[in-house]
Amino acid sequence: QVQLVESGGGLAQAGGSLRLSCVASESIFNFYSMAWYRLPPGGLREVIAIISNGGRTSYVDAVKGRFTISRDGAKNTIYLQMDSLQPEDTAVYYCAAESSKYYWGQGTQVTVSS
């Protein structure tokens, strides 16, 4: 069973930065892709950043230019560098991995104060 463990969430001020990490229990290159999702208060879970097995990245418009997804294969870890944070970025952030199944982490809370 694949396990994904996120860390790095917390409280930030508007304009600040946080970096999220997601450690997988097996090689991240076993997956077709990995992604970061977020669930805002009272909202719907949405994908915000994807990194393919080949390293191609894509972002939702709301975070493009502010967030960066990256990976370290040696550490079985993907990251989400979040800069220029805004209160609307407040959400629970989830790591996900796609193979023959879709796997989810437990989520990490990010709260941005104005």
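How many of the residues making up segment 49-74 are among the β-branched types (Val, Ile, Thr), assigned to a strand (DSSP E or B) and open to solvent by less than 40 Å² (accessible area, probe 1.4 Å)?
Summing the residues that are among the β-branched types (Val, Ile, Thr), assigned to a strand (DSSP E or B) and open to solvent by less than 40 Å² (accessible area, probe 1.4 Å) in segment 49-74 gives 2.
Could you list all residues from segment 1-28 that are among the hydrophobic types (A, V, I, L, M, F, W, C), in a loop (DSSP other than H, G, I, E, B) and closer than 24 Å to Arg66 by Cα?
Passing the criteria: only Ala14.
Listed residues Ile69, Ile48; which is in contact with a Lys or Arg (Cβ under 6 Å, 6 or more places away or on another chain) and either modelled with pLDDT of 95 or more or at positive phi (or both)?
Ile48
Among the residues of segment 20-36, what is the count of those that are among the small types (Gly, Ala, Ser) and within 10 Å of Glu6 (Cα to Cα)?
Number of matching residues: 2.
What pairs come up if the first residue lies in segment 33-60 and is closer than 20 Å to Val23 by Cβ, the second is assigned to a strand (DSSP E or B) and acidic (Asp, Glu), and their beta carbons are under 7 Å apart, counting only those six or more places apart or on different chains?
Ser33/Glu98; Tyr37/Glu46; Arg38/Glu46
Looking only at residues in segment 21-40 that are among the hydrophobic types (A, V, I, L, M, F, W, C) and over 12 Å from Gly105 (Cα atoms), which one is most open to solvent (accessible area, probe 1.4 Å)?
My answer is Phe29.
Has segment 41-48 got any residue that is open to solvent by 30 Å² or more (accessible area, probe 1.4 Å) and part of a strand (DSSP E or B)?
The answer is yes, given that some residue of segment 41-48 is open to solvent by 30 Å² or more (accessible area, probe 1.4 Å) and part of a strand (DSSP E or B).
The values are calculated or read from the model by the stated rules, or taken from the named source; none is laboratory data. It should be emphasised that the depicted structure is a prediction, and the values quoted were computed from it without experimental measurement. Every residue, glycine as well, gets a Cβ built from its backbone with ideal geometry; the counts of neighbours run over all protein chains shown. Please note that ligands, DNA and RNA were not included when accessible areas were found on the heavy atoms of the full protein model with its side chains. Shrake-Rupley method; radii C 1.70, N 1.55, O 1.52, S 1.80 Å.
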